[in-house]
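Okay, so here's the structure we're looking at.
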Amino acid sequence: MALSPTPAQRRVVAAADPGTGRLRGTEAQLAGLVKRGLAFRHPRPPHDHFLTPAGHRIREAGGEPEIPVASAAASQDVSPAPAAREVFAARVGGEPSVAGAAGDARLREVRGAWQGLLELRRMTHPDGSTDRPCAWERSHLVRAAALALEADGHRPAGPDGDGDGGGYRVRATPQPEAVAVHEPDGAALRACAETLERAGWQVGEHTEPRSRARYLLASPRKV
């Protein structure tokens, strides 16, 4: 089921502080935005509410898109979902071709989402740091890793990405708090590792037992 923000909630989002994403509104309005994934309640007093990356995208776009209510497990599904289903979805690689998936407009969206995520890190880490993943990223591992890669200019695999066409693919793994990153080009794979390390992930390079293909195993750094 997808829920769209009400006109009153959209006004609250539009009035958010442009720098911090801090929100002002009634308890019902703020709770509704949290339910839709557009805001979060800060864990420390005075427990103010702030925009999530999705909320920042709503504010910047000024539109009225629907927000799917999904569990963290669903957001880590190994089957890529069309980007049109969400306000913003980092490309995990292998998605069907969609309008607006490339070009200057997409670049602005990706950069805006990344800046929103850094702000989310700053506001939710007790020390205000932005150099390591936050709780939201730990519950959305695939999307978080993909956003770090796309924001740094890496090319996601196209619809034929399961072959050797090139481009990264981020997938969930059976291991807790770990994703796999596949990229057939060795140099590009190492560049992906460098990007994730700069973004606060612990990264190791491994070899598939059967295919002997190299891939990355990445986990959010905790300290």
Single unsatisfied condition, Arg190 versus (1) open to solvent by 40 Å² or more (accessible area, probe 1.4 Å); (2) in contact with a Gly (Cβ under 9 Å, 6 or more places away or on another chain); (3) not in a strand (DSSP E or B): (2)
The range 193-223 - residue that is in a loop (DSSP other than H, G, I, E, B) and free of Cβ contacts under 8 Å to residues at least 12 places away in the same chain and, of those, nearest to Ala151 (Cα to Cα): Glu208
Index of the failed condition, Glu109 passing every other in (1) touching a Pro at 6+ places or on another chain (Cβ under 7 Å); (2) under 21 Å from Leu38 (Cβ atoms); (3) acidic (Asp, Glu): (1)
Unmet criterion (only one of (1) open to solvent by 50 Å² or more (accessible area, probe 1.4 Å); (2) on the phi < 0 side of the Ramachandran plot; (3) assigned to a loop (DSSP other than H, G, I, E, B)) for Arg132: (1)
Every pair of residues 6+ apart whose Cβ atoms lie under 7 Å, when the first sits in the range 92-104 and is within 22 Å of Ala144 (Cβ to Cβ) while the second is outside any loop (DSSP other than H, G, I, E, B) and at pLDDT below 65: Glu95/Ala83; Val98/Ala83; Val98/Ala84; Ala101/Ala83
Tabulated pairs, the range 15-36, first over 12 Å from Ile58 (Cα atoms) and modelled with pLDDT under 90, second surrounded by fewer than 19 Cβ atoms within 10 Å (Cβ to Cβ) and among the basic types (Lys, Arg), C-beta under 7 angstrom, 6+ apart or interchain: Val34/Arg41
Single unsatisfied condition, Ala172 versus (1) touching a residue at least 60 places away in the same chain (Cβ under 8 Å); (2) open to solvent by less than 30 Å² (accessible area, probe 1.4 Å); (3) of a type in the set (A, V, I, L, M): (2)
Every residue from the range 193-207 that is under 20 Å from Pro174 (Cβ atoms) and open to solvent by 60 Å² or more (accessible area, probe 1.4 Å): Gln202, Glu205, His206
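The values are calculated or read from the model by the stated rules, or taken from the named source; none is laboratory data. Everything quoted here is computed from the prediction, not taken from an experiment. Neighbour counts run over all protein chains shown; Cβ positions are idealised from the backbone, glycine included. When the accessible area is computed, the model is the full protein with side chains, heavy atoms only, and any ligands, DNA or RNA have been set aside. Shrake-Rupley method; radii C 1.70, N 1.55, O 1.52, S 1.80 Å.
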